[in-house]
There are 2 protein chains.
Amino acid sequence: MASSLKQRCKYAPFFNKVCSPQDTIKFFSNGCSVGWSGFTPVGDPKVVPIALAEYVEKNNINKENNPELKMKLFVGGSAGPYNEDRWAKNNMISYRSPYQNADSLKKQINSGKAAFQDKHVSTFIQDVSWGYYTNNLPLDVVIIEATEILEDGSLILGGSVGSSVEFAHMAKKIIIELNTATPSFKGCHDIVDTWKPPGSPLNITRVSDRIGSLSMKIDPSKVVAVVESQLQFPGRSVASANEDSKKIASHLIDFLTNEVKQGRLPESLYPLQSGVGNIANATIEGLQNSPFPNLEVFTEVVQDAMLPMFDSGKLKFSSSTALSLSSWDQFYNNFDFYSKKIILRPQQISNAPELIRRLGVIAMNTPVEADIYGHANSTHSGGTKIINGIGGSGDFLRNGYLSIMHCFSARKTKVDPYGISCIVPMASHIDHTEHDLDVLVTENGLADLRGLSPVDRARLIIDKCAHPTYKDQLTEYLNMSIKETQSRAAGHEPQILSKVFKMHTNLLENQTMHLKSW
Amino acid sequence: MASSLKQRCKYAPFFNKVCSPQDTIKFFSNGCSVGWSGFTPVGDPKVVPIALAEYVEKNNINKENNPELKMKLFVGGSAGPYNEDRWAKNNMISYRSPYQNADSLKKQINSGKAAFQDKHVSTFIQDVSWGYYTNNLPLDVVIIEATEILEDGSLILGGSVGSSVEFAHMAKKIIIELNTATPSFKGCHDIVDTWKPPGSPLNITRVSDRIGSLSMKIDPSKVVAVVESQLQFPGRSVASANEDSKKIASHLIDFLTNEVKQGRLPESLYPLQSGVGNIANATIEGLQNSPFPNLEVFTEVVQDAMLPMFDSGKLKFSSSTALSLSSWDQFYNNFDFYSKKIILRPQQISNAPELIRRLGVIAMNTPVEADIYGHANSTHSGGTKIINGIGGSGDFLRNGYLSIMHCFSARKTKVDPYGISCIVPMASHIDHTEHDLDVLVTENGLADLRGLSPVDRARLIIDKCAHPTYKDQLTEYLNMSIKETQSRAAGHEPQILSKVFKMHTNLLENQTMHLKSW
């Protein structure tokens, strides 16, 4: 046994479980259900999934019509471009839940070759632990990356918690990947156990409050293998801010500044949640230069842009389920400094409706498109093609103190620099409804929708948010719909169903949402 | 001062505020914002709204183009067919939030003559107290029905709590309607104050737990009038169960029985939430004869069908924001018995996501239509015409342990006994998304959607739930959509946007959703 492994494994009964990744292949079988630790892809297992992929590749056993090792894969968040994608390429995934972000898998899902369930980050994992997705059966094999095994056999996880607790609870067999290349993350976690109703109040009233333990208890008798890993993948990298995303950030900061002035927000704001992408990145960068002191973050994923905010003291503390950094050097080189400013929690806690509402989280997420009434599509391009999944956007938008969505007003196609309007008559797939959205913002401006009726929202969204080249077209549609429906007393939220997706069908046919006529 | 009034008003400083309903007219002005206590219409003010309506009628001051007393009306739930409708008839309502159920008002809203904001019951009221809908200004006048005024000036409310606490907090002036015809409801309430983030945990882990006070504290200096009332309106009456609703109830009880057998539910189930209507009624009646003992209810509104369940001991306890009975005799004649089995809470507590999730509420609501993928329309007939509003359905469906929707598979039109299919390719307005629904049930059968991919959900919903005369039509659409989208790797949730509302447009044109062809 390697000395690096022995240093990190302080529970002697596991010593005789130590084996190579290849030795674990026997625990997997065709049709079995598999759970991975990790989130975005941080803290996910590496060497065991690679060994399985190599085994399938070398023996060429997963022919399209006759796979011999195709499995149901559960991972709390995206596992991403590495092993999730490789498993998909090898035809190893029959079913995935509740989120994915792997090109090959995405293609299979959109072609009907793999099944995918798209579920809120917070509810997914409670449903798993209640036996909803396995017909009460255990998950056959759960692979968990740990950075240390303590004397009592409990695990110190790595840069994420995700669904590890619930998966271990539901596991028939557990394989531990002990990562000896990263530091032990001891001290970073707040591990809360699974529960059945009635649960207990989550006694968190400040972002930095702890209610759980530093390590994750597991049933040692379930552990069938302990494998050393020295691999590390970068987390999701985020495109940097461009001019338009900076404009969005600026509109948002003006809005928040006014909310402070009106007494609806304290000067340090309330805890922030920020989605992924260059707009979120620009907003975070904008906050770095804003007047708001001592900010806190209560979010799903901590990203690159937050490290400089810790450095400057602008950001006081963060709670999340994952730390997703595109490069780990800065974090590891200052591990003592950063690790005291973060808490990593199970995704049922990082995204708990109870906490999001109680703490007054300001939720900021990016949709694919939003409609004139404030419904938003976060998941399906063209209404039918899955991108990644809803993730935690619904957890935060529904329960936030302020629910904000930000996107560019238009995107280019091959034939039209503004061929896709992100403001449409009706979102072609709806993940978030008009009942949840407070503020919509694009590079053109910000629409404060609070308290408004649908028609008033539509006028404001077209005026403030739509791309200039679409304003007349959308206004014409709105006026036409008002006339057609209100004249027969059926127009609280006017639409003409026969034309409502004409911009979308025109995009499919002509690669632009600019119409010749309605 | 009437002795009846003096008996119920134990706070002497209010004696000199006692006046007639007509004396309060001066506190209202054109454009002012008004809050009413009450919910469904129980506990709402009566004699003051009537006095205002009579004043407008007698003096004919609200001509359509030149109203002299048109107001913004905030009531936590529906105020219903009495004063809400009369105010609307008199052109007295310019804006209403967050729910309504009054024919005249509905017609105005759908004709663009009155504005309406449709918001979750739980978030609406928090937003009000945070100044979101009044630009931080107070509500000009708040009218609260009480059944007793205590020695400290605090109020014992009546058969509902609704938004009274938050409205009083936001009020510039308060008018109290002291109802001396009903019993004092002292002991029935659990009044919790308004809050700003960060809030405190709501320490309720059993339906019967209390965290607040019996009476509602108000600032006595805001009280401008105390008016006696002896009026009482019946609550919402519910159509009785028919054969089809009994079939739905029977499918549901079979499902719950199996969940108990599988160990996913305890034998007393978890607390039940039940929407309004004859299906809900049939379900409750079905539970009366079910094997489940000691049931509890954690819901928005207690209705008629629950009283016999208290009588039989089947129902142990209920928590709600309103007690909406179509006749009050049985309740008042056994006030001591029933009042010990209920708690009435503010709607921010009765519908709190935190509590719904913690208690594991089984949520059951009726949509207008659901689609093959599990999105549901709860608010807009034909996608554009508001019915009542989302109410608390979103609070419960999103956060419930089991999220169930029940509806008839089809409804009749003038030309076709099954002219409207309640299962459609895409809901014409989406209030609840596929990410929230666990179970869909019609008289034909029950679809357990947990864990399934969109296409698998669609097949199951068509098979189990759709009306037999629509099964082939829906299957043809589904297969066509799969072919069209999956062939271009864009079909995780197959739709053909150019045809997706063809059943709806055919209904508008030909009064049936049965198509000649797609």
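The values are calculated or read from the model by the stated rules, or taken from the named source; none is laboratory data. Predicted model only: the values in this text are computed from it and were never measured. With ideal geometry, Cβ positions are generated from the backbone for all residues, glycine too; neighbour counts draw on all protein chains shown.
Within the stretch B:165-174, identify whether any single residue is in a loop (DSSP other than H, G, I, E, B) and either buried (at least 22 other Cβ atoms within 10 Å of the Cβ) or modelled with pLDDT under 95 (or both), and answer yes or no. Scanning the stretch B:165-174 turns up no residue that is in a loop (DSSP other than H, G, I, E, B) and either buried (at least 22 other Cβ atoms within 10 Å of the Cβ) or modelled with pLDDT under 95 (or both).
Would you confirm, using the coordinates I've provided, whether A:V18 is surrounded by fewer than 24 Cβ atoms within 10 Å (Cβ to Cβ) and closer than 20 Å to A:K172 by Cα? Can you show your working first?
Values: surrounded by fewer than 24 Cβ atoms within 10 Å (Cβ to Cβ): yes; closer than 20 Å to A:K172 by Cα: yes.
Judged against the criteria, A:V18 is a match.
Has the stretch B:240-263 got at least one residue that is away from chain A (no Cβ under 14 Å) and aromatic (F, W, Y)? Among the residues of the stretch B:240-263, not one is away from chain A (no Cβ under 14 Å) and aromatic (F, W, Y), which makes the answer no.
Conditions (1) at pLDDT below 95; (2) touching a Gly at 6+ places or on another chain (Cβ under 8 Å); (3) on the phi > 0 side of the Ramachandran plot, marked per residue:
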{"site": "A:V227", "(1), (2), (3)": "no, no, no"}
{"site": "A:G235", "(1), (2), (3)": "yes, yes, no"}
{"site": "A:K247", "(1), (2), (3)": "no, no, no"}
{"site": "A:L252", "(1), (2), (3)": "no, yes, no"}
{"site": "A:F255", "(1), (2), (3)": "no, no, no"}
{"site": "A:E259", "(1), (2), (3)": "no, no, no"}
{"site": "A:L265", "(1), (2), (3)": "no, no, no"}
{"site": "A:S268", "(1), (2), (3)": "no, no, no"}
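Determine whether the stretch B:395-409 contains at least one residue that is free of Cβ contacts under 8 Å to residues at least 12 places away in the same chain, assigned to a strand (DSSP E or B), more than 9 Å from chain A (Cβ to nearest Cβ) and not β-branched (V, I, T).
The initial filter retains those residues of the stretch B:395-409 that are free of Cβ contacts under 8 Å to residues at least 12 places away in the same chain, namely none.
Scanning the stretch B:395-409 turns up no residue that is free of Cβ contacts under 8 Å to residues at least 12 places away in the same chain, assigned to a strand (DSSP E or B), more than 9 Å from chain A (Cβ to nearest Cβ) and not β-branched (V, I, T).
Residues in the stretch B:69-116 that are assigned to a helix (DSSP H, G or I) and among the hydrophobic types (A, V, I, L, M, F, W, C): B:W87, B:A88, B:L105, B:I109.
Within the stretch B:131-155, the set of residues being among the hydrophobic types (A, V, I, L, M, F, W, C) and modelled with pLDDT under 95 comprises B:L137 only. Could you check the stretch A:12-68 and list, in sequence order, the residues that are within 28 Å of A:T182 (Cα to Cα), in a loop (DSSP other than H, G, I, E, B) and modelled with pLDDT of 95 or more? Of everything in the stretch A:12-68, those that are within 28 Å of A:T182 (Cα to Cα), in a loop (DSSP other than H, G, I, E, B) and modelled with pLDDT of 95 or more turn out to be A:C19, A:S20, A:F28, A:S37, A:G38, A:G43, A:D44, A:P45, A:K46. Evaluate the following for B:V424: is it surrounded by 24 or more Cβ atoms within 10 Å (Cβ to Cβ) and either under 17 Å from B:G400 (Cα atoms) or aromatic (F, W, Y) (or both)? For B:V424, the condition - surrounded by 24 or more Cβ atoms within 10 Å (Cβ to Cβ) and either under 17 Å from B:G400 (Cα atoms) or aromatic (F, W, Y) (or both) - is not met.
For the stretch B:98-135, a residue qualifies if it is of a type in the set (S, T, Y), crowded, with 22+ Cβ neighbours inside 10 Å and closer than 21 Å to A:G360 by Cβ, and the qualifying residues are B:S122, B:T123, B:Y133.
Residue-by-condition table, conditions (1) farther than 17 Å from A:S403 by Cα; (2) surrounded by 16 or more Cβ atoms within 10 Å (Cβ to Cβ); (3) without any contact (Cβ under 8 Å) to a residue 24 or more places away in the chain:
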{"site": "A:A241", "(1), (2), (3)": "yes, yes, no"}
{"site": "A:N258", "(1), (2), (3)": "no, no, yes"}
{"site": "A:S268", "(1), (2), (3)": "yes, no, no"}
{"site": "A:T283", "(1), (2), (3)": "no, yes, no"}
{"site": "A:S290", "(1), (2), (3)": "yes, yes, no"}
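Across the stretch B:453-473, the number of residues qualifying as touching a residue at least 40 places away in the same chain (Cβ under 8 Å) and under 22 Å from A:I386 (Cβ atoms) comes to 5. If the condition is being closer than 22 Å to A:Q232 by Cα and either touching a Pro at 6+ places or on another chain (Cβ under 7 Å) or of a type in the set (D, E) (or both), then the stretch A:76-122 contributes A:S78, A:A79, A:G80, A:Y82, A:N83, A:E84, A:D85, A:W87, A:A102, A:D103. If only residues of the stretch B:110-149 that are more than 8 Å from every other protein chain (Cβ to nearest Cβ) and of a type in the set (D, E, K, R) are counted, the one that is nearest to B:V48 (Cα to Cα) is B:E145.
For the stretch B:289-308, give me each residue that is of a type in the set (D, E) and in a loop (DSSP other than H, G, I, E, B). Correct list: B:E300, B:D304. Checked against the criteria, B:R236 does not count as outside the structural domain of B:E166 (by the TED database), among the charged types (D, E, K, R) and without any contact (Cβ under 8 Å) to a residue 12 or more places away in the chain.
Residues in the stretch B:185-209 that are facing another protein chain (nearest Cβ under 7 Å) and of a type in the set (D, E): there are none. Here B:S403 does not fit the description of being outside the structural domain of B:S160 (by the TED database) and in contact with a Cys (Cβ under 7 Å, 6 or more places away or on another chain). Scanning the stretch A:319-345 for residues that are in contact with a Leu (Cβ under 9 Å, 6 or more places away or on another chain), of a type in the set (S, T, Y) and closer than 15 Å to A:T40 by Cβ gives A:S320, A:T321.
Applying the criterion of being farther than 16 Å from A:P41 by Cβ and touching a residue at least 40 places away in the same chain (Cβ under 8 Å) to the residues of the stretch A:69-94, the residue that is farthest from the chain's Cα centre (by Cα) is A:L69. Collect the residues in the stretch B:459-518 that are away from chain A (no Cβ under 13 Å), closer than 29 Å to B:H251 by Cβ and of a type in the set (D, E, K, R), keeping them in residue-number order. Correct list: B:D463, B:K464, B:K471, B:D472, B:E476.
Checked against (1) closer than 23 Å to A:I349 by Cβ; (2) touching a strand residue (DSSP E or B) at 6+ places or on another chain (Cβ under 7 Å); (3) of a type in the set (A, V, I, L, M, F, W, C), A:L178 meets all criteria but (1). For the residues B:E300, B:E296, B:E354, the requirement of being touching a Leu at 6+ places or on another chain (Cβ under 6 Å) and acidic (D, E) singles out B:E354.
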